[in-house]
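Take a look at the structure below.
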Amino acid sequence: MTVDVRTAIAARAAQELRPGEIVNLGIGIPNLVPGLLGDTDVFLHTENGLLGVGPRPGEDELDPDLIDAAKQPVTALVGAAYFDSAQSFAMIRGGHVDVAVLGALQVSLSGDIANWAVPGKDVLGVGGAMDLVVGARRVIVTMTATSSTGEPKLVSECTYPLTARGAADVVVTELSVFRLRDEALVLTELLGDATLEQVRAATGAPFDVDLEDRRAA
Amino acid sequence: MAIANGPIEPEEAVSVIRSGDTVMVGGFGLVGAPLTLIDALVDSSDADELTIVSNNIGEPGRGLGKLLRQGRIARGISSFFTSNPEAVAAVNGGEMEATLVPQGTFAEAIRAAGAGIGGFLTPVGAGTVLAEGKEEHVVDGVPHVLERPIHADVALVHAARGDELGNLWYRRTARNFNPLMATAARVTIAEVGEVVAAGVLEAESIHTPHLYVDELVLSR
């Protein structure tokens with residue numbers, strides 16, 4: 001996966017965000033979103049207890065008490081608020097976080113998400129993944145269309161351990177945008193030079209096509 | 001109960017921990033972790049067969065990772081063991097039992113214990129392997145999992161400041177699980193960066209009122 005592919009996915013996901021929204025970003029591709037928001041100001045929430053996450057600090061701004069959920073140093077913007085972990089997850093489960101942007105290993109045609117464990121490997125780290133996909137009002141999945149071994153990640157039924165059922169709303173890959181609409185998977189946009197045939201070849205599930213529904217970027 | 005005698009030595013504080021106890025340890029990774037108390041537990045206590053309730057089991061050779069290397073953790077209750085590969089190895093090698101809990105459920109179960117709640121229903125985890133063996137209830141058409149409170153014998157927490165009564169103030173994202181854990185154990189030991197006189201912490205800004213805190217220890 002090239003840097004360009006990751007950036008393209010993140011840039012398209014960034015267009016899904018509206019000014020003023022409360023947004024929680026997962027690790028990986030979602031972490032590229034803040035640099036691609038342009039004039040869209042959102043409030044970033046991190047589940048370890050901060051609303052108002054700012055950019056990565058310079059060396060003279062490093063604060064050992066100020067990290068994000070990936071345990072990386074961050075800054076806090078003017079107007080930021082700190083809170084404990086129970087309140088942070090109450091915000092998430094209670095539907096007060098507008099959007100979660102996260103990566104996934106698989107997404108099914110009914111919006112099931114698998115993003116925390118690989119079968120046969122250790123299932124010893126879930127963190128806040130399950131809370132976020134269940135609680136956030138909109139869940140945007142950013143992922144490459146296929147795995148490193150060429151397997152489609154959009155599938156009829158997830159074979160990896162589930163994070164939650166029916167949780168995905170939007171899936172952005174380097175090829176296209178899918179939306180889960182009335183429990184159906186709908187291709188709504190082709191990205192870059194991608195063709196419908198390419199998307200079909202890279203998708204392991206049946207889907208509807210409604211390209212007229214293109215969002216104004 | 002409020003503090004009677006001012007800060008005590010960390011070795012004395014952790015001497016209350018007995019073999020087989022359940023010990024909560026604050027922190028998100030090492031941020032907000034009571035590292036002085038952990039070191040005292042590692043160096044001056046021989047309590048073993050411990051159940052550790054902490055979001056992570058430290059890092060390799062750091063924080064709770066030291067206690068892990070001593071083989072004194074029989075069971076871990078965490079949301080993310082993976083941040084310490086040695087913890088993963090200990091689980092896979094059968095040296096430590098692991099209970100994995102979604103992070104929000106972990107926080108809420110500790111909050112519930114401290115608040116006298118016998119359990120709660122959450123949609124998080126429903127239909128996944130982490131709900132196996134747990135009661136499921138459908139609320140307004142949505143499957144929920146019954147989660148029980150997580151209590152402890154002793155809580156080790158960290159705060160940037162404490163006053164002489166035991167009121168605590170946490171700094172930035174070092175707060176995390178500390179104020180929850182301070183409520184959920186029979187004995188709460190608070191490690192603080194500094195101790196100030198009563199009245200110095202603004203009453204409206206106190207995060208943990210002193211009634212939750214049994215002993216104060218100064219960070220080394």
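Observations on the structure shown:
- Residue that is nearest to B:H151 (Cα to Cα), among those in the range B:181-220 that are away from every other protein chain (no Cβ under 14 Å) and in a helix (DSSP H, G or I): B:L211
- Strands (runs of 3 or more DSSP E) fully within the range B:75-176 counting 3 or more residues that are at pLDDT 95 or above, farther than 25 Å from A:V123 by Cβ and not basic (K, R): B:152-163
- Residue check, B:I73 of a type in the set (V, I, T) and within 12 Å of chain A (Cβ to nearest Cβ): no
- In the range B:105-130, the residues that are at positive phi and within 7 Å of chain A (Cβ to nearest Cβ) reach residues that are at pLDDT 95 or above and part of a helix (DSSP H, G or I) with C-beta atoms within less than 6 angstrom, at least six apart or across chains, in these pairs: B:G125/A:M130; B:G125/B:A131.
- Residues in the range B:86-104 that are surrounded by fewer than 16 Cβ atoms within 10 Å (Cβ to Cβ) and within 11 Å of chain A (Cβ to nearest Cβ): B:A89, B:N92, B:T99.
- Top-ranked residue in the range A:111-146 [being surrounded by fewer than 23 Cβ atoms within 10 Å (Cβ to Cβ) and of a type in the set (V, I, T); ranked as nearest to the other protein chains (Cβ to nearest Cβ)]: A:V123
- Of all residues in the range B:48-69, those that are of a type in the set (S, T, Y) have Cβ atoms under 7 Å from Cβ atoms of residues that are part of a loop (DSSP other than H, G, I, E, B), 6 or more apart or on another chain, in B:S54/B:G27.
Residues checked against (1) touching a Pro at 6+ places or on another chain (Cβ under 8 Å); (2) modelled with pLDDT of 95 or more; (3) among the acidic types (D, E):
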| residue | (1), (2), (3) |
| --- | --- |
| A:L105 | no, yes, no |
| A:P119 | yes, no, no |
| A:T144 | no, yes, no |
| A:E151 | no, yes, yes |
| A:A168 | no, yes, no |
| A:T173 | no, yes, no |
| A:A184 | no, no, no |
| A:L187 | no, yes, no |
| A:L190 | no, yes, no |
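- Counted residues, the range A:144-174 - those being outside any strand (DSSP E or B), closer than 18 Å to A:S108 by Cβ and in contact with a helix residue (DSSP H, G or I) (Cβ under 7 Å, 6 or more places away or on another chain): 5
- Screening B:R148 with (1) touching a Gly at 6+ places or on another chain (Cβ under 8 Å); (2) on the phi > 0 side of the Ramachandran plot; (3) more than 13 Å from every other protein chain (Cβ to nearest Cβ) gives one miss only, at (2).
- Figure legend. Inter-residue proximity from the range A:28-55: first residues away from every other protein chain (no Cβ under 14 Å), second residues of a type outside the set (A, V, I, L, M) and surrounded by 22 or more Cβ atoms within 10 Å (Cβ to Cβ), beta-carbon distance below 7 Å, spacing 6+ or different chains. Indicated pairs: A:I29/A:T142; A:P30/A:T142.
Yes/no per residue for (1) farther than 22 Å from B:P143 by Cβ; (2) in contact with a Phe, Trp or Tyr (Cβ under 9 Å, 6 or more places away or on another chain):
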| position | (1), (2) |
| --- | --- |
| A:V139 | no, no |
| A:D169 | no, no |
| A:V172 | yes, yes |
| A:V209 | yes, no |
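- Within the range A:70-98, considering residues that are more than 8 Å from chain B (Cβ to nearest Cβ) and under 25 Å from A:V118 (Cα atoms), the one surrounded by the fewest Cβ atoms within 10 Å (Cβ to Cβ): A:Q72
- Out of B:T82, B:T122, sole residue that is more than 17 Å from B:T51 (Cβ to Cβ), of a type in the set (V, I, T) and surrounded by 22 or more Cβ atoms within 10 Å (Cβ to Cβ): B:T122
- Which listed residue, of B:L211, B:L180, is surrounded by fewer than 16 Cβ atoms within 10 Å (Cβ to Cβ), under 29 Å from B:G118 (Cα atoms), out of contact with any Pro (no Cβ under 8 Å at 6 or more places or on another chain) and hydrophobic (A, V, I, L, M, F, W, C): B:L211
- If the condition is being in a strand (DSSP E or B) and under 22 Å from A:R6 (Cβ atoms), then the range A:46-62 contributes A:T46, A:V53.
- If you go through the range B:58-70 and keep only what is of a type in the set (D, E, K, R), more than 17 Å from B:D48 (Cβ to Cβ) and more than 10 Å from every other protein chain (Cβ to nearest Cβ), you end up with just B:R62.
- Enumeration of residues in the range B:18-50 that are of a type in the set (G, A, S) and either more than 24 Å from B:E108 (Cα to Cα) or surrounded by fewer than 18 Cβ atoms within 10 Å (Cβ to Cβ) (or both): B:S19, B:G20, B:A40, B:S44, B:S45, B:A47
The values are calculated or read from the model by the stated rules, or taken from the named source; none is laboratory data. Just so it is clear, the structure is predicted and the values come from calculations on it, not from any experiment. So basically every Cβ, Gly included, is an ideal-geometry build from the backbone, and we count neighbours across all protein chains shown.
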